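These notes are about the structure you will find just below.
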Amino acid sequence: MTAKENILAGLTRLLADGGMARSGGGAALLRTLQPLLDAGVVAAERSGAGRRLVVRDAAALRQFMERDFPNTPMAGQGTGRAGGVARFRDSKTFASDTPEIICVRAWTEEALLKDGQPAGAARASLEHGVFSFVMSRNYALRGLCALVENPKVFAQFERLRLPAGLVIRSGGGYVSQRLLDWLAGQGGPDFSLLHLPDYDPVGMTEFTRLRARLGERARLYLPENMAALFARFSSRGILGKGNNRAMLAALRKSKLPEVRRVVALIDSNNACLEQEALLLPAETI
């Protein structure tokens, strides 16, 4: 059970039995009950060598539960986002069951197949700028594909003049576990992935995740003028976050030479490079 399910179970048991051992519900339940203890709705009484929670006002406890834990039944949707709202007023109570929607831009119809046939991604990209689909095993990638996080790089990927037949937008800086599983499960013998992240601790950690699952099929994009880009356009503010510094410390021990190269640039400049710098004209460097 999730933490909130445990709390609801404890409250339900307390209401049904009228009392329970104070140690029987755990710290999370006691924190939830604190306003009720302060109000006298529930009392903590001595019981033998310990203490016992006793319900003094069952109606008030029931009202409290209905307010914070509506527990509305939903046929077939008990543990998804909607189920979390219905039961706990919190969509993040349960892992998401929402299908993963993949956004791509393609320049060749052979880059994305559905059931073995071209999915029409190149035509849709030409006519509408993007092609989206609900991720499933019916779709397969072929040839060199790229993965980016930034929407501007995604929208202007052609300016990089890279040989990828398709670019995927991961979004949010982190590759979701479902997308990672889908990429790792691609069976095409010619499939490979070129990763274009931010050149910061998060981006290098994400590439490390990709390489761990895809092996040599995953490559990190390192432009020839990487050192010049760092020298002129890198930002020191990114390293101000404690979690970034912790990730950077771990990345210094990486066994991947391309990651160590980026880490060396981060250390020598005391700064990180955002991927939008890849779109800057060469004459600005």
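The values are calculated or read from the model by the stated rules, or taken from the named source; none is laboratory data. This is a predicted model, so every value here is computed, not measured. Here the Cβ is made from the backbone with ideal geometry for all residues, glycine too, and neighbour counts use every protein chain on show.
Can you say whether PRO151 is within 21 Å of ARG261 (Cβ to Cβ) and either in contact (Cβ under 8 Å) with a residue 12 or more places away in the chain or not assigned by TED's automatic domain parsing to the domain that holds LEU273 (or both), as far as the supplied structure shows? Reasoning before the result, please.
Values: within 21 Å of ARG261 (Cβ to Cβ): no; either in contact (Cβ under 8 Å) with a residue 12 or more places away in the chain or not assigned by TED's automatic domain parsing to the domain that holds LEU273 (or both): yes.
For PRO151, the condition - within 21 Å of ARG261 (Cβ to Cβ) and either in contact (Cβ under 8 Å) with a residue 12 or more places away in the chain or not assigned by TED's automatic domain parsing to the domain that holds LEU273 (or both) - is not met.
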Could you look through the stretch 253-266, keep only residues that are without any contact (Cβ under 8 Å) to a residue 12 or more places away in the chain and under 13 Å from ASP200 (Cα atoms), and pick out the one that is nearest to the chain's Cα centre (by Cα)?
ARG260
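Okay, residues lined up against (1) modelled with pLDDT under 95; (2) not hydroxyl-bearing (Ser, Thr, Tyr):
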{"site": "GLU127", "(1), (2)": "no, yes"}
{"site": "VAL130", "(1), (2)": "no, yes"}
{"site": "PRO151", "(1), (2)": "yes, yes"}
{"site": "LEU162", "(1), (2)": "no, yes"}
{"site": "VAL175", "(1), (2)": "yes, yes"}
{"site": "SER192", "(1), (2)": "no, no"}
{"site": "HIS195", "(1), (2)": "no, yes"}
{"site": "THR208", "(1), (2)": "no, no"}
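Looking for whichever is of a type in the set (Gly, Ala, Ser), assigned by TED's automatic domain parsing to the domain that holds LEU273 and crowded, with 21+ Cβ neighbours inside 10 Å here; the options are ALA164, ALA124. Which one fits?
Going through ALA164, ALA124 in turn, just one is of a type in the set (Gly, Ala, Ser), assigned by TED's automatic domain parsing to the domain that holds LEU273 and crowded, with 21+ Cβ neighbours inside 10 Å: ALA164.
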Test of understanding: among LEU278, LEU183, LEU273, LEU196, which residue is in contact (Cβ under 8 Å) with a residue 60 or more places away in the chain, in the same structural domain as SER136 (by TED's automatic domain parsing), under 19 Å from the mean Cα position of the chain (by Cα) and within 23 Å of LEU162 (Cα to Cα)?
LEU196
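Sort out for me the helices (runs of 4 or more DSSP H) sitting completely within the stretch 168-285 that have 1 or more residues that are touching a strand residue (DSSP E or B) at 6+ places or on another chain (Cβ under 7 Å) and over 27 Å from PHE131 (Cα atoms). It would help to see each step written out before you state the result.
Working: elements: 177-184, 201-214, 226-233, 242-251, 257-269.
The qualifying helices (runs of 4 or more DSSP H) are 226-233, 257-269.
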Six or more apart or on different chains, Cβ under 9 Å: which pairs go from a residue in the stretch 160-173 that's more than 11 Å from ALA146 (Cα to Cα) to one that's surrounded by fewer than 17 Cβ atoms within 10 Å (Cβ to Cβ) and not small (Gly, Ala, Ser)? Could you list them?
LEU160/PRO223; LEU160/LEU279; GLY171/CYS103; GLY171/PRO151
